[in-house]
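See below for the structure under consideration.
Values in this text are rule-based calculations from the coordinates and carry no lab data. Since the model is a prediction, treat every value here as computed from it, not as a measurement. Methodologically, a virtual Cβ is constructed for each residue, glycine included, from the backbone with ideal geometry; neighbour enumeration extends over all protein chains shown.
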Amino acid sequence: MARNKKQQQQQQRPPPVAAGKPPTPPKQPTVDKRDPLTMSADEVSARLEKLRKRARFLDACMYVPCTCHKVKFGVESMLGLVPIVGDFAGLILAFLFVSMICGKFHTPASIKTQMVLNIAIDFTVGLVPILGDIFDIAFKANLRNMALIERHVERQRRSTQAAEMGTAAPGVKAPASAYIPRIPIKKGATGRVLERAAA
C-alpha cells in the first residue's frame, strides 16, 4: 500500500523545470488596432472625420462661383487641368488616400478593389481633355471611396450589435457595448455624392 501511494504521489508531481529557464507564458492573441470593433464609438468617429477632411480637400474644398456652393471641386480637379502630369499627380494623391484609409481601418479586399476601380475610372476618363475635367468634378472618386469605408464600418459595428442583442436571454438587457451609436454619413454640399456612392 505504501509503495502504491508513493507511486501515485510521483505521478501527480509536475515535471521538473530546467534551471535558469522559467516557463514561457502563453502567447496573448494580437489585437488589430485598425479593427473598428476594438475601438470606442468616439475613436471611430474621430478617425472617420480625419478621413472626411482629406476627401473634401481632394474633391470638394472649393466651389464654382454663381452655383450657390452646389458645384464643388478639390485639389485633384485643379491638378487635372495640367495635361498628363496633373492626371498622374491626382492618381498618386488618390492612392495615398486609399493607403490612409487602410491605415486607419482594416479594409477587406473587396472594398479595396472597388476603391481602385473608382480611381481607375476617374484617371482614365480624366485623360480626355475638358470632358475629363468635368467628369472628375462630378465623379469625385475620393468621396466615393470615403463613402465605401464609412458604410463598411457602420455595417460591421451594426452586425456586431445585432449579434450581441440576439444572444441576450429573454428579459435580460443586452450589454452596454451592444448599443453603439450610429455613425452617419455627413450631410452637406457633398451629401448626395456620398449617398450615391454608398448605395
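Using a cut-off of 19 Å between Cα atoms, the listed pairs K50/K70; K70/K112; K53/K104; K72/K112; K33/K104 include K50/K70; K70/K112; K72/K112 as exceeding that distance.
Percent of alpha carbon pairs in the stretch 57-146 separated by more than 15 Å? Let's see the in-between values first.
Values: 2230 of 4005 pairs.
It works out to 56 percent of all Cα pairs.
Residues within the reach of a label modelled at A46 (point 7 angstrom out along Cα to beta-carbon, backbone nitrogen below 15 Å), restricted to the stretch 93-137, are 104-105.
Given the Cα atoms of the stretch 79-128, and with Rh set as the inverse mean 1/r over their pairs in the Kirkwood sense, what is Rg to Rh to two decimals? Before the final figure, lay out the partial values.
Numbers: Rg = 11.9 Å, Rh = 11.4 Å.
Radius of gyration over Kirkwood radius for the stretch 79-128 works out to 1.04.
Counting Lys +1, Arg +1, Asp -1, Glu -1, what net charge surrounds S99 among other residues with beta carbon under 13 Å of its beta carbon? Mind dumping the intermediate values first?
Numbers: positive: R34, R54, K104, K112; negative: none.
Result for the local shell: +4.
Simple spin-label estimate for L96 and V64 gives 2.7 nm between the two label positions (7 Å along the Cα-to-Cβ direction from each Cα). Given their separation in residues at 0.36 nm each and the Cα-Cα distance between them, T38 and T124 gain 27.2 nm when the chain is fully extended.
How would you order 133-142, 110-119 from highest to lowest mean count of nearby Cβ atoms within 10 Å? Write out the running numbers ahead of the final one.
On the way: 133-142: 20.5, 110-119: 16.4.
Packing proxy ranking, top to bottom: 133-142, 110-119.
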